[in-house]
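Just below is one structure, and these are the notes that go with it.
The values are calculated or read from the model by the stated rules, or taken from the named source; none is laboratory data. These numbers come from a predicted model, not from an experiment. Cβ coordinates were reconstructed from backbone atoms using ideal geometry, including for glycine residues, and neighbour counts include every protein chain displayed. These accessible areas exclude ligands, DNA and RNA; they are computed on the full protein's heavy atoms, side chains included. Shrake-Rupley method; radii C 1.70, N 1.55, O 1.52, S 1.80 Å.
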Amino acid sequence: RMTQECKPALLIDRSLPNSGCTHTILWAEGDELWGYGTDYSLRKSTDCGASWSKSLSNSAASLARWGIDGLFLKTSAGTLLTTSHPNALTEPKIIRSADGGVTWTDVVAAQANIQYLGATSMCQDPVTGYIYLTEYVTVGAATQATWKISRSTDDGATWTTFKTFQRDSIAYPTTAVRHGHSVQWDPVDQRIWFLCGDSEKAAGLYRVNAGGTDVEAVITNTNLDSAAGQYAGAVGLMFFPNCVAWGVDQVTDSHLIRMHRSQIGQSSPAVESLGRLQSTAWYTCRVASDN
């Protein structure tokens, strides 16, 4: 819960590498376990963890990295998607495995100045099966004119451009957006949402329109009072039955914001600030149905 009193706290969830653990368990399905190693390898066990095999291994010579931070997207068909850095200093591509991680193919080529925020840059619509991928343009890429949201209708095998955003806020003062933060599924209205930053007027929260043909703005910075600490910039959303909530991303003394669903579709949607976070907010997680 949020209170107005701030106390220093430190919670250590895990510390890697350490002598007793060389990989982290990602998920389990019956006797099968998936893990992510400290050597950036994807590992699999079919005997409840007694033995492990590697399907993606790191090469110390190339500094190759797959699925940074151990984030993989597993589709409803069992396909795996993740990022792959040919070496730690270059832009990533998107790779895919349809055989449980045994073999991998490149499905989205690396692009100059384009990064992805791990698997949070991808999300599947469980109704249509379509997968969406949003691009994160590096902050220093002033010459990058546009960025895009891509969509796959064949379980990640091929991708097409779904929406292109302009980045130049001088040439496009009302429509420019710097980059895409993440993609999320709203289980209440059953639509894919896009979290787009940063401080541009058009930055904010978007979603797939009712026809599935384009995106529509839910709320942008144009609608909010920045002087009161209200921004639509977010990296992670919490979806509740009656509202949507987020922590503000692009300011260092941010607010926790809540917007009631009755405001979606309004020309001037209203929000409320629930409390000061005293830090930039990134990811959020709903831990119960009502909090």
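Those residues that are of a type in the set (A, V, I, L, M, F, W, C) and farther than 12 Å from C285 by Cβ, I need them from the range 236-249; list them, please. F240, C243, V244, V248, listed by residue number. Restricting attention to the range 125-140, the residues being open to solvent by 30 Å² or more (accessible area, probe 1.4 Å) and either at pLDDT 90 or above or within 11 Å of V183 (Cβ to Cβ) (or both) number 5. Is it the case, given these coordinates, that L205 is within 19 Å of C285 (Cα to Cα), modelled with pLDDT of 95 or more, among the aliphatic types (A, V, I, L, M) and touching a strand residue (DSSP E or B) at 6+ places or on another chain (Cβ under 7 Å)? Considered against the rule, which asks whether it is within 19 Å of C285 (Cα to Cα), modelled with pLDDT of 95 or more, among the aliphatic types (A, V, I, L, M) and touching a strand residue (DSSP E or B) at 6+ places or on another chain (Cβ under 7 Å), L205 comes out as yes. Of S62, S55, all but one fail to be modelled with pLDDT under 60 and either under 26 Å from D125 (Cβ atoms) or open to solvent by less than 70 Å² (accessible area, probe 1.4 Å) (or both); the exception is S62.
Yes or no, residue by residue, for (1) hydrophobic (A, V, I, L, M, F, W, C); (2) free of Cβ contacts under 8 Å to residues at least 24 places away in the same chain:
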{"position": "V102", "(1), (2)": "yes, no"}
{"position": "D106", "(1), (2)": "no, yes"}
{"position": "N113", "(1), (2)": "no, no"}
{"position": "P126", "(1), (2)": "no, no"}
{"position": "G129", "(1), (2)": "no, no"}
{"position": "V137", "(1), (2)": "yes, no"}
{"position": "Q144", "(1), (2)": "no, no"}
{"position": "T153", "(1), (2)": "no, no"}
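Scanning the range 235-276 for residues that are at pLDDT 85 or above, surrounded by 15 or more Cβ atoms within 10 Å (Cβ to Cβ), in a loop (DSSP other than H, G, I, E, B) and of a type outside the set (S, T, N, Q) gives V235, G236, F240, V248, D249, I264, P269, V271.
Looking across the range 82-111 at every residue that is among the aliphatic types (A, V, I, L, M) and in a loop (DSSP other than H, G, I, E, B), the one that is most open to solvent (accessible area, probe 1.4 Å) is identified as L89.
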